[in-house]
Amino acid sequence: MSKSLDEIDLKILNEIQADGRITNVELAKRVGISPPPCLRRVRTLEEEGYIRGYRGLLDPPSLGFDVTVFASVHLSSQADADLRAFEEFVRHEPLVRECWMLSGEIDFILKCVAPDMATFQNFVSHLTAAPHVRNVRTSLVLHNSKNAPDVPLELKVPQG
């Protein structure tokens, strides 16, 4: 990110983050500038990588994905090639929705969603058989107390 964000940029990002379907005219009105410069700023923010994309957030249980599990994965080797191989493995696993490499005892934590426990258990069998996987520990989600996929822009102070 090479651009210094000003107050208008942060307002634009905040509004788009709250409503990705907002029109440029409405966005411009909310941030206090006219539509043409607003559109230019949005395009610049996209080109600079501040805005990675737009999508609808779906509700997994409403769609029959009632099981959410975090899987902690410890590999037998932390060589770069083995870490990359594991990352490539999980990229092709549809139940894995997020994969984070960690420091410490656990190498990766995976957020998985499944329609039922049997499907998830089959995945765990597949996961534990993957190359360099030493062990897998799973934690079934009982309840989600907070789900905030947005960036806390209110903590960001404009630079410049």
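The values are calculated or read from the model by the stated rules, or taken from the named source; none is laboratory data. Treat the numbers as computed from the prediction; the structure is a model and nothing was measured. Ideal geometry is used to build each Cβ from the backbone, glycine not excepted, and the neighbour counts take in all protein chains shown. In case anyone asks, the SASA skips ligands and DNA or RNA and just uses the protein heavy atoms, side chains included. Shrake-Rupley method; radii C 1.70, N 1.55, O 1.52, S 1.80 Å.
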**Asked** Per 10 Å bin from zero, what fraction in whole % of the C-alpha pairs of the range 1-98 is there, up to the bin with the longest pair?
**Response** 12, 29, 20, 25, 11, 1
**Fill in**
Once normalised by the length of the range 7-56, the mean sequence separation of its alpha carbon contacts under 8 Å that are 6 or more apart gives a contact order in percent of 32 percent
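Using 0.36 nm per residue, how much length does the chain from M117 to I33 gain when fully extended, once their Cα-Cα distance is taken away?
Separation in residues times 0.36 nm, less the Cα-Cα distance, equals 25.1 nm.
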**Prompt:** In degrees from 0 to 90, rounded to the nearest 10, what is the angle of the helix 80-91 Cα long axis to the longest principal axis of the chain?
**Reply:** 80 degrees
**At q = 0.11, 0.15 Å⁻¹, base-10 log of I(q)/I(0) for the range 64-160 (Debye sum, equal scatterers on each alpha carbon)** = -0.39, -0.65
**Neighbourhood net charge (13 Å Cβ-Cβ; Lys/Arg +1, Asp/Glu -1) for F89** = -3
**Request:** Report, in degrees rounded to the nearest 10, the 0 to 90 angle that the Cα long axis of helix 35-47 makes with the longest principal axis of the chain.
**Result:** 30 degrees
**Message:** If you fit an axis through the alpha-carbon atoms of helix 7-18 and take the longest principal axis of the Cα set of the chain, what angle between them do you get, 0 to 90°, nearest 10?
**Reply:** 50 degrees
**Message:** With an 8 Å Cα cut-off and a minimum separation of 6 or more residues, compute the relative contact order for the chain in percent.
**Reply:** 27 percent
**Request:** Using only protein heavy atoms and a 1.4 Å probe, report how much of T23 is accessible, in Å² to the nearest 10.
**Result:** 80 Å²
**Request:** Out of all DSSP beta bridges with both ends in the chain, state the antiparallel percent to the nearest 5.
**Result:** 100 percent
**Global geometry of the range 7-56, whether rounded, prolate or oblate, following the gyration tensor of its Cα atoms and the 1.5 cut on a/c** = oblate
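Please sort by residue number the GluC sites (Glu not before Pro) in the range 59-160 whose DSSP state is loop and whose Cβ has at most 12 other Cβ atoms within 10 Å.
Within the range 59-160, the qualifying GluC sites (Glu not before Pro) (loop, at most 12 other Cβ atoms within 10 Å) are E105.
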